[in-house]
Amino acid sequence: MTKFKAFLQANHAPLALLSTCLVAFGLLSPSLGFFQDDWHFIFYAQHGLSKLWELSAYDNRPFASWPYIAGFTVFGFHPLAWQIGVLALRWLATVAFWMVFRSLWPNHAKLAVVPALLFAVYPLYTLQPMAVTYITHWVAFLLYALSLWLMILAVRDIQRLWPLLILSVLLDGLQLFTIEYFNGIELLRPLVLWMALSAPQADPRPRLKSAALAWLPYLGVLAAFVLWRGFIFQSPAQDNNAPTVLRDLISSPISTLFYLVTAGLKDTLLIQVGAWSETLAPDLVDFSPAGLFALLVSALSFIGFYTYLKRLDLEEDAPVRPMLLLGLLGLILGPIPAWVTRQPLYDTNPLWNSRLGMAAMFGAALIIVAAVEWLARTKTQRVVIYSLLLALSVGYLIRSENNYRHAWESQVDFLNQLAWRAPSIEAGTAFVSEGEILSYMGDYPTGFAVNMVYNQPKDSTQAVTWFFPTYGDDPVAEKLLMGGTLREVKFSTRFEGDAANSLVLWYEPTVSACLHILTPLDAESRLYSDYLKQLAPKSALGRISPESNVNEEFFAQALNTPQTWCYFFEKAELAEQFGQTEQVLKLWNTAQEQGFHPSHGMEYLPFIRAYLAVGDTDKAQALTESANRLTSSQAMRQTLCRPWLEAGKTESGPGSEVKQLLKCE
């Protein structure tokens, strides 16, 4: 017990940081999966890890692929493994920054844990669930922090100067050429070196000279990166991350400087203030089970942080000025890569813009600590403020992750149901829907995701299928209705298919749990919008084959889910398509035996039609009445009438009763 207690005391900071990361990001990890840009990395990895080099080149980051290759080698397509892996990287990066703070201010080693804690759960960055996409970012951030720490050690330890310096420069070069997100905070190094060198002397020139000389190798690496990325690198595709501002400063300096000042003011305000305002948004008061869970974790976190920091007995007389100076520069320099590519945080999709402010988070954390240490009068006041901020952030992050959890549940349901309903499709088949159908995704991420449902040719990244959202007044709609070719190009992946070879999808989990691939019969249904009814006759069901071409390996790792009611519904629609009436009836009976029931009246339809086909009008009547009770509306009643009218069973017996009940016309 004594040894264990000694271990806890010696390693309290890394353990506290680990506990914080686990609470903020680990509790919901088992319920999270893949989102948005994760899917194109998954698609390319499925074609062979070497294809990730190709993807990185088309993404204008040719050296960014090695963390992805390492990730897929270790984690495969297991969502939980990815979540744990990137959580570990975030924790290691946090520990590395704690070592930087502790090394800079050794007389305040206890206080150094506070900015590290704030950095660990800074409420700006809400993309932690997108583990595949951002593994490279966290690897690079970790490398930067380690390089910074080794640089401090090098200038303070003359005996080990060269090995520490060489390792530090190598790590710095590796992170710079891996991804450009952290090259702005490279400009912090002169200040960090100045702080790391010996105490101020009457003549600052020797210290200034030493800092400048120590910075030279890092400046050289940074200059090499800027020269290569800005003027030498030739992208094989459109370069959305080109540092166009560097050229604009020469061609139009006044307007470009005005843009930089505007972007700087808006983004620093968003990072330093706006991020924290989100922790007090109205959804903080949420008494749903998920909301109460977030509130409970937040409350318990406050108690935990308060107890830990109170017992830690933080030092007095904090180095407020150095912290504030380093923090302000970190806040300002952090978003430079976003500004030079004209992607400021304030003007970028708020769902994804927080990645652009990652590099500024540790600077923003230092500013908070400096402000609290300066303004709060007592140690207890400071501990309460820190604990409250940390607890609010933890609660906010859990609420954000809960949104991702719901999104992943919808994705898993959708992709499994697609595999059950269309186990094989002909190459060149497009899936279309009225607008987007999955949250935290998008059109091309969904396109890559539906491709992962099916086995892909290993020697080509040509897409077997693609997903096209359409809104009735766009080129996709025109081609669906009038004829034409649907094309999509994303990175080196291409899809091409005749619009006549499309399958029309309807997926509204808040209305009906089950996916429905529209058929010509749905053209008269009042359950769908006028636009979908217009598309229904265009749905090319002949592109579906009952023989499975499902990517079983991927499903086993990423999308494995127990059978639900929708399994029986999708399989019934597939069986009905191929005239297998007895199979439809068997599926109904099996579902009933296993306790599964429809979630919407529409889901009774294939079974009603099957019982009518075999002449069991009593059973068909019972199912029709159940459907009407479950979803009672004029549109549903008219939809339920159709199979009876088409079967000519409404003039006598159960059919006449159904006609009277539903007021069939």
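The values are calculated or read from the model by the stated rules, or taken from the named source; none is laboratory data. Please read all numbers here as calculations on a predicted model, not as lab measurements. Cβ atoms come from the backbone with ideal geometry, glycine included; neighbour counts cover every protein chain shown. Side chains included, ligands, DNA and RNA excluded: accessible areas come from the protein's heavy atoms. Shrake-Rupley method; radii C 1.70, N 1.55, O 1.52, S 1.80 Å.
Extending 7 Å from the Cα toward the beta-carbon at both Leu300 and Leu312 defines two label points whose distance is 2.1 nm.
Scale the Cα Rg of the range 57-133 by the rule-of-thumb value 2.2 N^0.38 Å and send over the ratio, two decimals. Intermediate values should be presented prior to the final figure.
On the way: Rg = 15.7 Å, N = 77, 2.2 N^0.38 = 11.5 Å.
Scaled against compact globular proteins, the figure is 1.37.
Measuring between their Cα centroids, the range 589-619 and the range 11-81 lie 43 Å from each other.
Calculated FRET efficiency, Trp66 to Ala88, Cβ-Cβ distance, R0 = 22 Å: about 0.80 to the nearest 0.05.
I need the Debye-formula profile for the range 612-651: one equal scatterer per C-alpha, no solvent, reported as log10 I(q)/I(0) at q = 0.16 1/Å, two decimals. Once normalised to I(0) and log-transformed, intensities are -0.37. Computed from the C-alpha gyration tensor, the three semi-axes of the ellipsoid equivalent to the range 344-456 are 45, 16, 10 Å, from longest to shortest. What do you get for the angle between helix 12-21 and the principal long axis of the chain? Use alpha-carbon atoms, 0 to 90 degrees, nearest ten. Taking the Cα atoms of the chain, the angle to 12-21 is about 30 degrees. Here the gap between Glu436 and Glu553, fully extended at 0.36 nm per residue and compared with their Cα-Cα distance, gives a gain of 39.4 nm. Computed from Cα atoms, the angle from the helix 361-375 axis to the main principal axis of the chain rounds to 60 degrees.
Of the beta bridges DSSP finds with both residues in the chain, what % are antiparallel, to the nearest 5?
Here the antiparallel bridges make up roughly 50 percent for the chain.
The Rg/Rh ratio for the chain, using Cα coordinates for both the radius of gyration and the Kirkwood hydrodynamic radius, is 1.06.
Taking Rh as the Kirkwood radius, which is the inverse of the mean 1/r over Cα pairs, what is the Rg/Rh value for the range 121-209? So for the range 121-209, dividing Rg by the Kirkwood Rh gives 1.07. Working note: Cα atoms of the range 230-313, range along each principal axis, descending, whole Å: 55, 34, 26. Solvent-free Debye calculation, one equal scatterer per alpha-carbon of the range 404-492: log10 I(q)/I(0) at 0.22 Å⁻¹ equals -1.23.
Loop-located GluC sites (Glu not before Pro) across the range 378-460 with a Cβ neighbour count of 16 or fewer within 10 Å are Glu426, Glu436, with loop assigned by DSSP. Please compute the Kirkwood hydrodynamic radius of the range 202-252 from all pairs of different C-alpha atoms, in Å with one decimal. Every distinct Cα pair counted, the radius reaches 13.7 Å.
The gain in end-to-end length when the Leu481 to Lys533 segment is fully stretched comes to 17.6 nm, 0.36 nm per residue minus the alpha carbon separation. Computed in the context of the full set of protein chains, the accessible area of the chain at 1.4 Å probe radius has 61% of its extent on carbon or sulfur. In terms of Cα atoms, the Rg and Dmax of the range 1-99 work out to 17.2, 56 Å.
Distance between the C-alpha centres of the range 105-120 and the range 382-433: 33 Å, rounded to the whole angstrom.
Using the Cβ-Cβ distance between His12 and Ser251 with R0 set to 60 Å, the FRET efficiency works out to roughly 0.65. Using the alpha-carbon atoms, what tilt in degrees (0 to 90, nearest 10) does helix 289-312 show relative to the longest principal axis of the chain? The answer is roughly 20 degrees.
Full-extension gain between Gln594 and Lys458, please, as 0.36 nm times their residue separation minus the C-alpha to C-alpha distance.
Details: separation 136, 0.36 × 136 = 48.96 nm, distance 3.90 nm.
45.1 nm is the gain from fully extending Gln594 to Lys458.
In terms of accessible area, using a 1.4 Å probe and ignoring ligands and nucleic acids, Leu333, Leu481 rank largest first as Leu481, Leu333. Judged by a Cβ-Cβ distance under 4.7 Å, the unpaired cysteines of the chain are Cys21.
What accessible area per residue comes out for the chain, rounded to a whole number of Å², with a 1.4 Å probe?
On a per-residue basis, the chain sits at 42 Å².
Derived scalar couplings between HN and Hα for the range 386-391 equal 4, 5, 5, 4, 5, 5 Hz in order, rounded to whole Hz, by the Karplus curve 6.51 cos²θ - 1.76 cosθ + 1.60 (θ = phi - 60°), x for Gly and Pro.
Applying the criteria of a DSSP loop state and at most 14 other Cβ atoms within 10 Å to the chymotrypsin sites (Phe, Trp or Tyr not before Pro) of the range 274-372 yields Phe287. Size of the range 572-612: Rg and Dmax of its alpha carbons, in Å, are 9.6, 26. Reported to the nearest whole Å, the Cα centre-to-centre distance from the range 529-564 to the range 175-193 is 47. Sequentially through the range 140-153, phi angles give Karplus couplings (6.51, -1.76, 1.60; θ = phi - 60°) of 5, 5, 4, 4, 4, 5, 5, 4, 5, 5, 5, 4, 5, 4 Hz, Gly and Pro residues having no value and appearing as x. Tell me the label-point distance for the pair Gln583, Leu388, using the 7 Å Cα-to-Cβ offset, in nm and rounded to one decimal. About 6.4 nm, to one decimal.
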